[in-house]
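**Student:** Questions regarding the structure given below will be posed in turn.
The values are calculated or read from the model by the stated rules, or taken from the named source; none is laboratory data. Remember, it's a predicted structure, so these values are computed and weren't measured experimentally. In this analysis, Cβ positions are derived from the backbone assuming ideal geometry, glycine residues included, and neighbour counts consider all displayed protein chains.
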Amino acid sequence: MSGPVSPVDSTEERPVTGPPGMEVTDGRRTVVGGVPVSRSLPRARRRTVGAWCFVDHFGPADVRDASMRVGPHPHVGLHTVTWVLDGEVVHHDSLGHEQLIKPGQLNLMTAGRGVAHAEETPPGATGALHGLQLWVAQPDATRHGPAAFEHHATLPEAEVGPVVATVLVGELAGARSPARSDTPLVGADLVVTGPATLPLDPAFEHGLLVVDGPMTVDGRLLEPGAFAYLAPGRAELGLTPGPGSGRALLLGGAPFGEPILMWWNFVARSRDEMVEARRAWEGESEQFGPVESHLGRIPAPPPLWDRPGMQPLEK
Ligand code: MN
């Protein structure tokens, strides 16, 4: 599953609300590759949380109604992080990896200077299609480096009272993920069965996406789909599910100090870099390489910044 990011992601449908230090927004509903998604990042007023720069919550949808069919497409300057809540997704990339991903497993692909991949519901799949597609911006130190892919079949868990946290990236409550991160970062799937206080790194800013709810977050009742931005300086976060249990995705990191541009499936620093990446994909350059897939290659859209008033999304 993947982007693309378009100028419509810079439009704000509803005002940002929340108590001091918290901004709450609803995801923007869209459809990607035939699957309904709710996009929490990027937004007009909030481009990044740490280095997290893209958050799509896809499904839940019955695979008989909506199967994922995202053909070969390129990325530069970012990591894609795929976290499946239900169902299965198969990934093929230009490095030659074919990887089936199931709930509880993590795919992390590093684009660096260029990679291409395709993602789809495997043939014969049943049940639901439900998960999260996340992007992490790479810093200057690594974004011109080689592409890479890693799959983690199991991830560490931390128990904090009635919270079970599966740590996707970084460290939380003493549990550390083996997944790559190029900047200080945390990502965790939280299953919350009672009132709890979660320890946070006060040097980080955080975002909490309510997946199953409602959930009360520091006294504020949030419905499923709400995304709460939490400013740096917090050492803990109060979570109360209910009624019943709740589930949320916690993302955080050191505020990303480098200004970024996002357009389509690229994260870059300048319009010239976007033009060059687009040209390379359209020219079938070896910068990206071929992907073994029965799905059609996705062409780059026209460069919208050639039109008056349009530009790539600036952080
Ligand atoms: Mn992608």
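**Student:** Can you list residue pairs whose Cβ atoms sit under 7 Å apart, with the first residue in region 74-87 being on the phi > 0 side of the Ramachandran plot and more than 9 Å from the ligand (Cβ to nearest atom) and the second being part of a strand (DSSP E or B) and not aliphatic (A, V, I, L, M)? Count only pairs 6 or more apart in sequence or on different chains.
**Tutor:** Cβ pairs passing all conditions: Gly77/Phe266; Gly87/His130.
**Student:** Has region 157-170 got any residue that is over 22 Å from Gly244 (Cα atoms) and within 16 Å of the ligand (Cβ to nearest atom)? Walk me through it before giving the result.
**Tutor:** Here is the first cut: in region 157-170, the ones over 22 Å from Gly244 (Cα atoms) are 167-170.
Cutting the leftovers down to within 16 Å of the ligand (Cβ to nearest atom) gives us none.
No, region 157-170 has no match at all.
**Student:** State all residues of region 30-47 that are in contact with a helix residue (DSSP H, G or I) (Cβ under 6 Å, 6 or more places away or on another chain), over 18 Å from Leu249 (Cα atoms) and not hydrophobic (A, V, I, L, M, F, W, C); if no residue qualifies, say none. Write out each step before concluding.
**Tutor:** Quick first cut of region 30-47, residues in contact with a helix residue (DSSP H, G or I) (Cβ under 6 Å, 6 or more places away or on another chain) only: 42, 44.
Still in the list and also over 18 Å from Leu249 (Cα atoms): 44.
Within region 30-47, no residue meets the criteria.
**Student:** Output the number of residues of region 192-210 satisfying the condition of being assigned to a strand (DSSP E or B) and either free of Cβ contacts under 8 Å to residues at least 24 places away in the same chain or surrounded by fewer than 22 Cβ atoms within 10 Å (Cβ to Cβ) (or both).
**Tutor:** Going through region 192-210, the residues assigned to a strand (DSSP E or B) turn out to be 192, 196-199, 205-210.
Then keep just the ones that are either free of Cβ contacts under 8 Å to residues at least 24 places away in the same chain or surrounded by fewer than 22 Cβ atoms within 10 Å (Cβ to Cβ) (or both); that gives 196-197, 199.
Here the count works out to 3.
**Student:** Here is a list of conditions, (1) at pLDDT below 95; (2) surrounded by fewer than 17 Cβ atoms within 10 Å (Cβ to Cβ), and Gly87 meets all of them except one; can you say which number that is?
**Tutor:** It is condition (2) that Gly87 fails.
**Student:** Kindly indicate whether Arg45 is closer than 28 Å to Ala228 by Cα, of a type outside the set (A, V, I, L, M, F, W, C), away from the ligand (no atom under 16 Å from the Cβ) and free of Cβ contacts under 8 Å to residues at least 60 places away in the same chain. Let's see the steps before the verdict.
**Tutor:** Values: closer than 28 Å to Ala228 by Cα: yes; of a type outside the set (A, V, I, L, M, F, W, C): yes; away from the ligand (no atom under 16 Å from the Cβ): yes; free of Cβ contacts under 8 Å to residues at least 60 places away in the same chain: yes.
Criteria met by Arg45.
**Student:** Output the number of the condition that Leu108 fails; it satisfies all remaining conditions of (1) crowded, with 18+ Cβ neighbours inside 10 Å; (2) within 19 Å of Ser67 (Cα to Cα); (3) not β-branched (Val, Ile, Thr).
**Tutor:** (2)
**Student:** Look at region 92-118 and say how many of its residues are under 14 Å from Leu134 (Cβ atoms) and within 11 Å of the ligand (Cβ to nearest atom). Steps first, please.
**Tutor:** To start, the set of residues in region 92-118 that are under 14 Å from Leu134 (Cβ atoms) comprises 101, 106-111.
The next check asks that each one be within 11 Å of the ligand (Cβ to nearest atom); those that pass are 107, 109, 111.
Total satisfying the criteria: 3.
**Student:** Let me ask another. Any idea how many residues of region 171-191 are in contact with a Ser or Thr (Cβ under 6 Å, 6 or more places away or on another chain) and crowded, with 19+ Cβ neighbours inside 10 Å?
**Tutor:** Initial filter on region 171-191 (in contact with a Ser or Thr (Cβ under 6 Å, 6 or more places away or on another chain)): 182, 189.
Going one step further and asking which of them are crowded, with 19+ Cβ neighbours inside 10 Å, we end up with 189.
Total meeting the criteria: 1.
**Student:** Continuing with the same structure: Would you confirm whether or not region 174-181 contains a residue that is under 29 Å from Arg278 (Cα atoms) and within 16 Å of the ligand (Cβ to nearest atom)?
**Tutor:** Within region 174-181 (the criterion being under 29 Å from Arg278 (Cα atoms) and within 16 Å of the ligand (Cβ to nearest atom)), the answer is no, since none of the residues qualifies.
**Student:** Take the residues of region 252-296 that are among the polar types (S, T, N, Q) and out of contact with any Lys or Arg (no Cβ under 7 Å at 6 or more places or on another chain): which is farthest from the ligand (Cβ to nearest atom)?
**Tutor:** Filtering region 252-296 down to residues among the polar types (S, T, N, Q) leaves 265, 270, 285, 287, 293.
Pick out the ones that are also out of contact with any Lys or Arg (no Cβ under 7 Å at 6 or more places or on another chain) and you get 265, 270, 285, 293.
Working: Asn265: 6, Ser270: 22, Ser285: 17, Ser293: 12 Å.
Looking at residues that are among the polar types (S, T, N, Q) and out of contact with any Lys or Arg (no Cβ under 7 Å at 6 or more places or on another chain), I get Ser270.
**Student:** How about region 234-260: which of its residues are closer than 27 Å to Val167 by Cβ, outside any strand (DSSP E or B), touching a strand residue (DSSP E or B) at 6+ places or on another chain (Cβ under 9 Å) and not basic (Lys, Arg)?
**Tutor:** Ala235, Gly242, Gly244, Ser245, Ala254, Pro255, Phe256, Glu258, Ile260
**Student:** Could I ask something else about it? Within region 119-131, can one find any residue that is modelled with pLDDT of 95 or more, in a loop (DSSP other than H, G, I, E, B) and more than 16 Å from the ligand (Cβ to nearest atom)?
**Tutor:** no
**Student:** State yes or no: is Trp263 in a strand (DSSP E or B) and in contact (Cβ under 8 Å) with a residue 24 or more places away in the chain? Talk me through it step by step, then tell me what you get.
**Tutor:** Details: in a strand (DSSP E or B): yes; in contact (Cβ under 8 Å) with a residue 24 or more places away in the chain: yes.
So Trp263 fits the description; yes.
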